[in-house]
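Visitor: Quick one: the structure is below, and I'll ask about it shortly.
The values are calculated or read from the model by the stated rules, or taken from the named source; none is laboratory data. Given the structure is predicted, the values throughout are model-derived calculations rather than measurements. For neighbour counting, all protein chains shown are included, and Cβ atoms are generated from backbone atoms with ideal geometry for every residue, glycine included.
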Amino acid sequence: MNASHVCTQVGYEETTTDFATMAQAVVDAGCTSVLLVSYATDGAGIIEELAGLGYSGAIYGADGIAEEGLAAGMSDTTLVDGIIATKPAAAGTPGMVAMVFSALCAQSADCAGGIYTAEAFDAVTIAAFAAFTALATPGLAAQDAVMGTGQGWNGASGTLSFLANGDVPAAGFCIGEFSTATDGTVSYDCARSWDPVNGITTATTE
C-alpha cells in the first residue's frame, strides 16, 4: 500500500471534542476503512460520529484505543464490535498480578479508559521495590538496584527482564478485536498476534 491508496487524511487538535467535520470528510471521500491514531476518548467520539453518518466500513486502531475503556462513555457499546486494534503484547504469559490488575483496572473508569496503565503500574512498583533494595544494601547503585529488581519481574504487563541497556525484549503485538456481549459488556480479545519470528498467528483454544 502507498499514498495513492489513502482516500483522505484528517488531523485534529488534541483538545478537539467535535468530530462531525472529520467524520463527514471520511464519508464524503468514500473511504472503506479508517485507521484511528487516537486515544480512547477521542477515538470513541470519532466512531460515534461515523456511525451516525451511516459509515459501515472497517475500523482499525493502535494501542491508543486497544482497551475495553474505548466504549466506556458510549451509549451504544455495540459500535465497537469488529474494530481491530493492535498493542504491544504482554512480555510472557500473564501471571496472577496481570490478571488481578486487569480485573481491578476494569472497575475504574479512569484506569479502564487510560493507556499504558499496566506499564505505568509496573514502572512504579519496580522503582519502589528497587528503592527498598537500595536502602537495605549500602553501596548499591540505584541503577543496579533497578536492574536487579527487574529480572523475572511478575508484573501487570507480563513477566519482565531488563536487558543490559534497560530495554525489555519485544514480545510482538496483540492483534485484538472488540466484541459486545448481550448484557452490554465489552471485551477486547487478542485472537491473533504478531512477532518477528512467527509472523501473524491465531490463538488456539482447547
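Residue-by-condition table, conditions (1) under 25 Å from Ser193 (Cα atoms); (2) in a helix (DSSP H, G or I); (3) of a type in the set (Lys, Arg):
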| position | (1), (2), (3) |
| --- | --- |
| Ala118 | yes, yes, no |
| Asp122 | yes, yes, no |
| Ala127 | no, yes, no |
| Phe132 | no, yes, no |
| Leu140 | no, no, no |
| Met147 | no, yes, no |
| Ala171 | yes, no, no |
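Visitor: Please verify whether Thr15 is in contact (Cβ under 8 Å) with a residue 40 or more places away in the chain and of a type in the set (Val, Ile, Thr), treating the condition exactly as stated.
Guide: no
Visitor: Another question about this same structure. Looking only at segment 43-64, count every residue that is closer than 25 Å to Pro88 by Cβ and touching a Phe, Trp or Tyr at 6+ places or on another chain (Cβ under 7 Å) and tell me the total.
Guide: Residues that pass the stated criteria total 3.
Visitor: Exactly one condition in (1) in contact with a helix residue (DSSP H, G or I) (Cβ under 7 Å, 6 or more places away or on another chain); (2) part of a helix (DSSP H, G or I) is not met by Phe178; state its number.
Guide: (2)
Visitor: Within segment 146-158, restricting attention to residues that are surrounded by fewer than 19 Cβ atoms within 10 Å (Cβ to Cβ) and touching a strand residue (DSSP E or B) at 6+ places or on another chain (Cβ under 7 Å), which residue is nearest to Met99 (Cα to Cα)?
Guide: Filtering first and then ranking leaves Gly152.
Visitor: While we're here: Test of understanding: among Ala98, Ala51, which residue is in a helix (DSSP H, G or I) and farther than 30 Å from Gly152 by Cβ?
Guide: Ala51
Visitor: As an exercise: evaluate Val197 against (1) without any contact (Cβ under 8 Å) to a residue 12 or more places away in the chain; (2) closer than 28 Å to Ala44 by Cβ; (3) β-branched (Val, Ile, Thr) and give the number of the one condition it does not meet.
Guide: So the condition that Val197 fails would be (2).
Visitor: Right, here's the next one. Please identify the pairs in which a residue from segment 32-56 that is within 13 Å of Val80 (Cβ to Cβ) has its Cβ atom under 9 Å from the Cβ atom of a residue that is buried (at least 16 other Cβ atoms within 10 Å of the Cβ) and among the acidic types (Asp, Glu), counting only partners at least 6 apart or on another chain.
Guide: Leu36/Asp42; Ala40/Glu67
Visitor: Among the numbered criteria (1) part of a loop (DSSP other than H, G, I, E, B); (2) surrounded by fewer than 17 Cβ atoms within 10 Å (Cβ to Cβ), which one does Asp110 miss?
Guide: Result: Asp110 fails condition (1) only.
Visitor: So, in segment 149-161, of the ones that are assigned to a loop (DSSP other than H, G, I, E, B) and at pLDDT 90 or above, which residue ends up farthest from Tyr116 (Cα to Cα)? Reasoning before the result, please.
Guide: First, the residues of segment 149-161 that are assigned to a loop (DSSP other than H, G, I, E, B): 150, 156-157.
Next, from what is left, pick out any that are at pLDDT 90 or above: 150, 156.
Working: Gly150: 18, Ala156: 10 Å.
Among them, the one singled out is Gly150.
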